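What follows is a set of notes on a single structure, which appears directly below.
The values are calculated or read from the model by the stated rules, or taken from the named source; none is laboratory data. From a predicted model like this one, the values you see are computed outputs, not experimental measurements. Note that each Cβ is placed from the backbone with ideal geometry, even for glycine, and that neighbours are counted across all protein chains shown.
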Protein chains: 4
Amino acid sequence: MTTNRLEAFSDGVLAIIITIMVLELKVPHGASFEALEPLMPKFLSYLFSFIYVGIYWNNHHHMFQAIERVNGKVLLANLALLFWLSLLPFVTGWMGENDFAKNTVALYGFVLLMCALAFLVLEKLAIKHEGHESTIGQALTDRWKERISTGGYFSGIIIAFFYPMVSLLIFYGIAILWIIPDSRIEQALNKTPEN
Amino acid sequence: MTTNRLEAFSDGVLAIIITIMVLELKVPHGASFEALEPLMPKFLSYLFSFIYVGIYWNNHHHMFQAIERVNGKVLLANLALLFWLSLLPFVTGWMGENDFAKNTVALYGFVLLMCALAFLVLEKLAIKHEGHESTIGQALTDRWKERISTGGYFSGIIIAFFYPMVSLLIFYGIAILWIIPDSRIEQALNKTPEN
Amino acid sequence: MTTNRLEAFSDGVLAIIITIMVLELKVPHGASFEALEPLMPKFLSYLFSFIYVGIYWNNHHHMFQAIERVNGKVLLANLALLFWLSLLPFVTGWMGENDFAKNTVALYGFVLLMCALAFLVLEKLAIKHEGHESTIGQALTDRWKERISTGGYFSGIIIAFFYPMVSLLIFYGIAILWIIPDSRIEQALNKTPEN
Amino acid sequence: MTTNRLEAFSDGVLAIIITIMVLELKVPHGASFEALEPLMPKFLSYLFSFIYVGIYWNNHHHMFQAIERVNGKVLLANLALLFWLSLLPFVTGWMGENDFAKNTVALYGFVLLMCALAFLVLEKLAIKHEGHESTIGQALTDRWKERISTGGYFSGIIIAFFYPMVSLLIFYGIAILWIIPDSRIEQALNKTPEN
């Protein structure tokens, strides 16, 4: 099976997830700039959710550029990733509504961790199906980014019950780490002449 | 006519259906984990709706991998399938809101039955148009899954008026039956060299 | 310019329009079937809106199967069609909310008329760009369906101020006329060997 | 990397943005045409938002017709453009709700300016990646439209604090300037034989 339709469906779901939070930005009644102030946390959480989903779209795009065929297991792993990503707007909203309380930051980190694990499972199943000699197999021999992220989210969840602000710094640090697209795959694609 | 655009439109509608229920998960005001408890039925129904629509997407994808050309009748049958699937979030929500009352489980089963029948009609029209010698015709000579599902939904609707929990078990059992992608089509595709 | 992206964008907008009304079906609190009764007009208007947008998608699909290249004017005409179609859920809702009052049926007919005219303009611009010798030009030499529809909508708007039910019958009759996909284009496509 | 998926994702996000405002058109309870009057500002802002997003889609489409390959930076610039466009419905709504008060027109102009700058950055990065000898590089040597727009938005923001109606005229004038698709790219595409 080719990857076209998996990509199209994922694009559709991600496009909806990325724009869901803008619906939360209700127009205030006053015309002064002060009337916009109560919306700032919601705006910031929209911005952050947009960046995070954007990063996942970016890396999803990079990964499937290097994948040529998928099977039923890869389709299911992709659905699992979309499910966890779809919970991001909710947990970001809960965190913003409660001024970054301990519980809310911990749950937020948990959903980020599940997204990362789902992405990892998707990557592993794709490599297994394509073969370690394939473009994707060659590109992802070393997974330091994935290891750092998973460890970071995990420790962030525990730290959240003591110093939630430290957890947020960890989560934002991981986002910056991933905002640079996966140059490993771009390099591997350049090596293979047929791409 | 090729199947590209039918698939793209279906992907769009399914992507919206699958994410509609996440809009029902309203952010609670408290920061404690207890504040999330009242959301659990809605969360579970979102999860279940996600899985069910995901299964349909998966099998829709498998079916159209084996189909090369469509006609006007197939387009109409596809619209009918999308219509019944779009009612899933509503009936799942009604069931969750009323603690799985008899009526709600019966209506839920009815919509699942109509989705299954619409899928069956779509399959039959596609085979008729492609020919019994085609990839899809060869793949779907035996329809035990379709027969079990239709029978299961039908008996589930009647049982719901007496033991709604038994009906739910039947519906979840059918979901598990379908979560394994249609290997018949994967096998048939592997047999035909041009795919 | 090829038609791929125009089709993809139109599919996205139509997929959203077609599912917007399902959001209006709010889950009722009671578990009895009587609790669903107040939702029937909304359900019927959702069903009708689904069918109408489905018909437009279907004919849009047929038309662009026969079109190979588009220019800027065709893109703008397509946007105009999408705009009028996006107003369908609103006018259908207004009509359902007010038990098919005269004004509401007239406005409803007006939006249907504008959709039909926008489709006609799109068709004309496409033929002009492709040439009268092209597949689309050959397929649409005779436009009796378009003429009947436009006339029907126009008279329906005026009749609505006296007998709104007659107008509705006219509108539903036109829908049935179009539910059969445009076989003229299917025939013309079959004549041209390269499709 | 090819541009297919960037276009598909952008189409999805733009399709959602363009239809978000139709959700704001709540069905009024009365059946008289007067009952629709309070909706007129919302309808006009929906129309305007539709036109503006439509223009951006149109020019985005034209630009990527001339682009063959993208890199990670272009993907990020595209996400930035989508983010600013997604704020258009909110600022248009705030302006309509407050009868075009000074602050609201200024913020509205600010978002239009950020969209224009994001589009400019995207264009520059695309040309840098494709090379000045490429189709896109040849098409966009002269950027008078971009310069006029940026200047117009900038002065419009400042003028809004004194004469908001003048700012609106400037913004609408720029929209008309862009409603004519980028014929520079159409001409350059016609020159290159492979397109």
Filter segment B:114-126 for residues that are closer than 19 Å to B:Ile170 by Cβ and surrounded by 20 or more Cβ atoms within 10 Å (Cβ to Cβ); which is nearest to the other protein chains (Cβ to nearest Cβ)? B:Cys115
The correct count of residues that are modelled with pLDDT of 85 or more and either small (Gly, Ala, Ser) or within 16 Å of the chain's Cα centre (by Cα) (or both) in segment B:8-30 is 9
For segment B:62-73, does any single residue satisfy the condition of being over 16 Å from B:Ile16 (Cα atoms), within 11 Å of chain C (Cβ to nearest Cβ) and part of a helix (DSSP H, G or I)? yes
Residues to consider are D:Leu88, D:Leu44, D:Leu36; find the one that is over 15 Å from the mean Cα position of the chain (by Cα) and at pLDDT 85 or above. D:Leu36
What tally of residues in segment D:96-111 results from selecting those that are more than 10 Å from D:Ala160 (Cα to Cα) and more than 9 Å from every other protein chain (Cβ to nearest Cβ)? 2
Determine if segment C:37-53 includes at least one residue that is touching a residue at least 60 places away in the same chain (Cβ under 8 Å), under 23 Å from D:Leu23 (Cβ atoms) and not aromatic (Phe, Trp, Tyr). yes
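Tell me the residue from D:Ile185, D:Ile158 that is at pLDDT below 90 and part of a helix (DSSP H, G or I), please.
Step by step, each of D:Ile185, D:Ile158 is checked, and only D:Ile185 is at pLDDT below 90 and part of a helix (DSSP H, G or I).
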Given (1) more than 7 Å from chain D (Cβ to nearest Cβ); (2) in a helix (DSSP H, G or I); (3) among the aliphatic types (A, V, I, L, M), number of the condition A:Ala15 does not satisfy: (1)
Scanning segment C:30-53 residue by residue, those within 7 Å of another protein chain (Cβ to nearest Cβ) and over 16 Å from C:Tyr108 (Cα atoms) turn out to be C:Ala31, C:Ser32, C:Phe33
Counted residues, segment D:161-182 - those being part of a helix (DSSP H, G or I), without any contact (Cβ under 8 Å) to a residue 40 or more places away in the chain and farther than 19 Å from D:Ile55 by Cα: 1
Residue hits (segment C:10-29; crowded, with 23+ Cβ neighbours inside 10 Å and touching a residue at least 24 places away in the same chain (Cβ under 8 Å)) are C:Ser10, C:Asp11, C:Val13, C:Leu14, C:Ile17, C:Ile18, C:Met21
